[in-house]
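Undergrad: First the structure, which I've put down as structure tokens, then a few questions once you've had a look.
The values are calculated or read from the model by the stated rules, or taken from the named source; none is laboratory data. Please read these numbers as outputs of a predicted model, since none were measured by experiment. Cβ: placed from backbone, ideal geometry, glycine included. Neighbour counts: every protein chain shown. The protein model used for the area step is the full one, side chains on, heavy atoms only, and it has no ligands, DNA or RNA in it. Shrake-Rupley method; radii C 1.70, N 1.55, O 1.52, S 1.80 Å.
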Amino acid sequence: MQNFVLHNQTKIIFGADRLQEIGSEAKVLGARALLVYGRQSIRQNGILTAVTASLQSCSVAIIHHGGVQSNPLLSHVRQGIAKAKEEQVDMVIAVGGGSVIDSAKAIAAGALVDHDVWKFFNGKKSIKQCLPLACVLTLAAAGSEMNGGMVITHDDRKVKFGTGNRLLNPVVSILDPTLTYTVPPDYTAYGAADAIAHILEFYFTTADASTPVQDRFMEGLVINIMESCDKVLHDPCHYQGRADLMWCATLALNGWTAAGLGLVGFPMHMIEHTLSAHHDIAHGAGLSVVMPAWLAHQAERAPHKFAQFGRRVFQVEQKECRAAARAGIARLQEWLRGAGCPTSLAELGIAPETIPFLAEQSLPLAKLWRLKEYDQEKIETILRSCL
Ligand code: NZQ
Ligand code: ZN
């Protein structure tokens, strides 16, 4: 167990029909809100109408900033920052999934500085203050609703960088599982894949050889994510399934699983962000392809933890360590495929001849995230194994 500080100040309001509390929660933060959301889902499913009514009933003025797309764009964030400054908003409210919440975080931080917000992402500036952020989560996946992370794509340069700061933690997030009933099967499964990847990034990159508490916690989350996703793919309005999946996805990246692991890394995400930046694929779909390949690559070098994962999560029976490791990874890939996730670059429409370029494009983020062992050759090897 390594030393750690765990300080997560986000207030979570969890449960069915909690959406209408956004008005009273926002009123505490001020009188003028920039409302950030996606393209059409919250208009179609009535969430925008309900949020607007709740804010208006609490006399919170709304400045709209819709149109966030998946793999959210820096250009759209910059427009939101200009609006937030011009309208002198007191807060930013995000209603959506990870793309919307991350955009809202970037706007909340960018609205209080004179330099370009991208300087927070390329390590040139650090975040010192942030407008208060309130979230209404509509998709179980990224975990952004309860952490200080944000990931934005630079449209011109085609790079997708992430950064983090505790100041970016939302003040309050409403997690109402009924709001996810309308999430289509593909994004439900991609969200599950993303949450599993968040867990396995920590589970397999900790250098601490003895983390029994965290291991059991993370193994349990992976099992629950798969079981609840299966329920929801069968019945999209399965409340317990949606509730369990939502809370697991939040727990996967709110700091609790990583507490005590010491230094951990995000190699799978480093590779996936390049795929999303260049091919605009769903984040979870990219991870569903990269994850088994990265696991298999690492398991050949140090099979013990991978064998533990296979035995505890999938009850594989192989006695030999490497065989058990391979069996567990195969079972995870089988589950991803069964949930409707892609498991090859070909399914993402990515051709083998682009691999050297994609590997080379991943190097700046590998450097920024201090993933020293990830050079051109290692990244190419991993990508070639998921063709
Ligand atoms: O744009 P609309 O019309 O709203 O449709 C969205 C979008 O097309 C739709 N959707 C969302 N809620 C819905 C719904 N459709 C029907 N009913 C609902 N209730 O789902 C699509 C995907 O939304 P998006 O926000 O892109 O998905 P997700 O939540 O998976 O977020 C992915 C983003 O999160 C970032 C990723 O990089 C990616 O950009 N991440 C953020 C992290 C963080 N801040 O800690 C960590 C993660 O690893 C991840 O990198
Ligand atoms: Zn992710």
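Undergrad: Is it the case, given these coordinates, that A106 is assigned to a helix (DSSP H, G or I), under 14 Å from N71 (Cα atoms) and open to solvent by less than 10 Å² (accessible area, probe 1.4 Å)? Lay out the reasoning, then the answer.
TA: Details: assigned to a helix (DSSP H, G or I): yes; under 14 Å from N71 (Cα atoms): yes; open to solvent by less than 10 Å² (accessible area, probe 1.4 Å): yes.
So A106 passes the test.
Undergrad: Looking at G162, is it closer than 19 Å to I81 by Cβ and either modelled with pLDDT of 95 or more or open to solvent by less than 20 Å² (accessible area, probe 1.4 Å) (or both)?
TA: Yes; evaluated as a whole, the condition is true for this residue.
Undergrad: Got a sec? Which of A192, A134 is over 23 Å from L34 (Cβ atoms) and open to solvent by less than 10 Å² (accessible area, probe 1.4 Å)?
TA: Being over 23 Å from L34 (Cβ atoms) and open to solvent by less than 10 Å² (accessible area, probe 1.4 Å) holds for just one of A192, A134, which is A192.
Undergrad: For residues that are open to solvent by 10 Å² or more (accessible area, probe 1.4 Å) and part of a helix (DSSP H, G or I), scanning just segment 84-96, find the one that is nearest to A142 (Cα to Cα). Outline the logic, then answer.
TA: To start, the set of residues in segment 84-96 that are open to solvent by 10 Å² or more (accessible area, probe 1.4 Å) comprises 85-90.
Narrowing the set further to residues that are part of a helix (DSSP H, G or I) leaves 85-86.
Values: K85: 27, E86: 30 Å.
Out of the qualifying residues, it is K85.
Undergrad: Restricting to segment 335-384, count the residues that are more than 27 Å from M226 (Cβ to Cβ) and open to solvent by less than 10 Å² (accessible area, probe 1.4 Å).
TA: Final tally of qualifying residues: 7.
Undergrad: Looking at this structure, is L332 modelled with pLDDT of 95 or more, in the same structural domain as E227 (by TED's automatic domain parsing), under 20 Å from M218 (Cα atoms) and surrounded by 19 or more Cβ atoms within 10 Å (Cβ to Cβ)?
TA: yes
Yes or no, residue by residue, for (1) assigned to a helix (DSSP H, G or I); (2) out of contact with any strand residue (DSSP E or B) (no Cβ under 7 Å at 6 or more places or on another chain); (3) open to solvent by less than 60 Å² (accessible area, probe 1.4 Å):
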| site | (1), (2), (3) |
| --- | --- |
| N3 | no, yes, no |
| H7 | no, yes, no |
| D17 | no, yes, no |
| G23 | yes, yes, yes |
| I42 | yes, no, yes |
| L48 | yes, no, yes |
| H64 | no, no, no |
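Conditions tested, residue by residue: (1) of a type in the set (S, T, N, Q); (2) in contact (Cβ under 8 Å) with a residue 40 or more places away in the chain.
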{"residue": "T10", "(1), (2)": "yes, yes"}
{"residue": "G15", "(1), (2)": "no, yes"}
{"residue": "R18", "(1), (2)": "no, yes"}
{"residue": "L29", "(1), (2)": "no, yes"}
{"residue": "Y37", "(1), (2)": "no, yes"}
{"residue": "T49", "(1), (2)": "yes, no"}
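Undergrad: Still on this structure: Given the residues S99, S75, which is the only one that is open to solvent by 30 Å² or more (accessible area, probe 1.4 Å), touching an Asp or Glu at 6+ places or on another chain (Cβ under 9 Å), closer than 30 Å to H279 by Cβ and at pLDDT 95 or above?
TA: S75
Undergrad: Another one. Determine if segment 52-64 includes at least one residue that is within 16 Å of ligand 2 (Cβ to nearest atom) and in contact with an Asp or Glu (Cβ under 9 Å, 6 or more places away or on another chain). Give the steps one after another, and end with the answer.
TA: Kept after step one, since they are within 16 Å of ligand 2 (Cβ to nearest atom), are these residues of segment 52-64: none.
The answer is no, given that none of the residues of segment 52-64 is within 16 Å of ligand 2 (Cβ to nearest atom) and in contact with an Asp or Glu (Cβ under 9 Å, 6 or more places away or on another chain).
Undergrad: Residue check: is I81 open to solvent by 10 Å² or more (accessible area, probe 1.4 Å), part of a strand (DSSP E or B) and either away from ligand 2 (no atom under 16 Å from the Cβ) or out of contact with any helix residue (DSSP H, G or I) (no Cβ under 7 Å at 6 or more places or on another chain) (or both)?
TA: Spelling it out, it is not the case that I81 is open to solvent by 10 Å² or more (accessible area, probe 1.4 Å), part of a strand (DSSP E or B) and either away from ligand 2 (no atom under 16 Å from the Cβ) or out of contact with any helix residue (DSSP H, G or I) (no Cβ under 7 Å at 6 or more places or on another chain) (or both).
Undergrad: Please determine, by comparing only the residues of segment 87-108 that are within 13 Å of ligand 1 (Cβ to nearest atom) and in contact with a helix residue (DSSP H, G or I) (Cβ under 6 Å, 6 or more places away or on another chain), which one is farthest from Y181 (Cα to Cα).
TA: The qualifying residue farthest from Y181 (Cα to Cα) is A106.
Undergrad: Tally the residues that are on the phi > 0 side of the Ramachandran plot and of a type in the set (S, T, N, Q), restricting the search to segment 105-161.
TA: Residues in segment 105-161 being on the phi > 0 side of the Ramachandran plot and of a type in the set (S, T, N, Q): 0 in total.
Undergrad: Find all pairs meeting these conditions: Cβ atoms under 7 angstrom apart; at least six residues apart or on different chains; first residue within segment 152-168 and over 14 Å from Q361 (Cα atoms); second residue among the β-branched types (V, I, T) and in a helix (DSSP H, G or I).
TA: Short answer, once both residue conditions are applied: I152/V77.
Undergrad: If you take the residues in segment 146-174 that are away from ligand 2 (no atom under 13 Å from the Cβ) and among the charged types (D, E, K, R), which one is nearest to the chain's Cα centre (by Cα)?
TA: Filtering segment 146-174 down to residues away from ligand 2 (no atom under 13 Å from the Cβ) leaves 146, 148, 152-159, 161, 163, 165-174.
With the extra rule that they be among the charged types (D, E, K, R), the set shrinks to 155-158, 166.
Working: D155: 20, D156: 23, R157: 22, K158: 19, R166: 16 Å.
Residue satisfying both the conditions and the ranking: R166.
Undergrad: In this structure, is S276 within 15 Å of ligand 1 (Cβ to nearest atom) and touching a His at 6+ places or on another chain (Cβ under 6 Å)?
TA: Yes; evaluated as a whole, the condition is true for this residue.
Undergrad: Test A299 against the criterion of being open to solvent by less than 10 Å² (accessible area, probe 1.4 Å) and either within 19 Å of L336 (Cα to Cα) or not acidic (D, E) (or both), and give yes or no.
TA: When the stated conditions are applied, A299 passes them.
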